[in-house]
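S.K.: Got a structure for you, written out below as structure tokens; questions coming shortly.
Here, each number is a calculation from the coordinates, and none is a lab measurement. Everything numeric in this text was worked out from a predicted model, so none of it was measured. Backbone-built Cβ (ideal geometry, glycine too); neighbour counts: all protein chains shown.
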Ligand code: SF4
């Protein structure tokens, strides 16, 4: 196998302005764990622990979410295991993925992981169950992990585990390895090292920009002021996330996006309400109206959020007058 360079970003999409309002979210993000084993300098996990309490999603809650998804009036395009923490921190992660796959909850099921907690049972099953496994690589050696992620790692074991994913029998997953560009430019022959580690074992490779993704965190001078997946510089007055996605956090609280890591925009609780009721509820409706009124820069965390500028292309700004009539 020789991997191709392609970003994890899906540029094939409907024109969001034309299809709003959606009967169901396009994407449901699931956070199996808000704990992480790394403290990457660009992530809130590098900040003092008091910033947010962490939790692990219970399997019963996840099962309810799956059934909620199947009750939605329109099929969800993507379920992505991601969020504020490392999904594999949850001991029931594999059971969750087995369930999502068996129930066929979405057109695509994806996982983003740092890959450091891969174990034999996950390696043997995960590539059979999900459409894409995105491995978030922080460096091409252990010293880089200490530098960027303040964590000691068994780098050789990590590489061997990632390579073993590709040897899984009945593999269904695309395996995508991405690394942030500082880890490449700070290291002599960094790109060549990244390629030699992964290109014969994964399907896709990519070098991503280091962007300021998390509102209310320090913006470091080494961060890029352009899109994470291209050199474009984009502007957004209206946040499209609130119109197309739901993030179910580990404790069940639901927010419209993963950027809201302090959970200031909770629009419901999946423990007690259905995803359909949350999707059509007053809290999310009011947030959508505020976005369409271009009030984004008047309230936290949206006022300091750069998620759209760095990771989005669906732009509703010029269509607000026609969209607001539909809400
Ligand atoms: S502006 Fe940022 S924080 Fe606010 S809803 Fe959109 S993605 Fe979330």
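S.K.: What is the distance in Å between the Cα centroid of the range 55-70 and that of the range 15-33?
M.R.: The range 55-70 and the range 15-33 have Cα centres spaced 18 Å from each other.
S.K.: Same structure again: Going by average Cβ neighbours within 10 Å, how do the peptides 214-227, 267-280, 29-42 rank, with the highest at the top? Can you show the working numbers first?
M.R.: Numbers: 214-227: 15.4, 267-280: 18.0, 29-42: 21.2.
Answer by packing, highest mean first, reads 29-42, 267-280, 214-227.
S.K.: Take the chain, connect every pair of alpha-carbon atoms lying under 10 Å apart with a spring to form a Gaussian network, then pick out the residue of 65, 134, 123 with the largest mean-square fluctuation.
M.R.: 123
S.K.: Assuming R0 = 41 Å, what is the FRET efficiency of residue 298 and residue 142, from their Cβ-Cβ distance, to the nearest 0.05? Numbers along the way, then the final one.
M.R.: Details: r = 45 Å, r/R0 = 1.10.
So, using R0 = 41 Å, E works out to roughly 0.35.
S.K.: Hey, in the GNM for the chain with a 10 angstrom Cα cutoff, which one of 259, 183, 164 fluctuates hardest?
M.R.: 164
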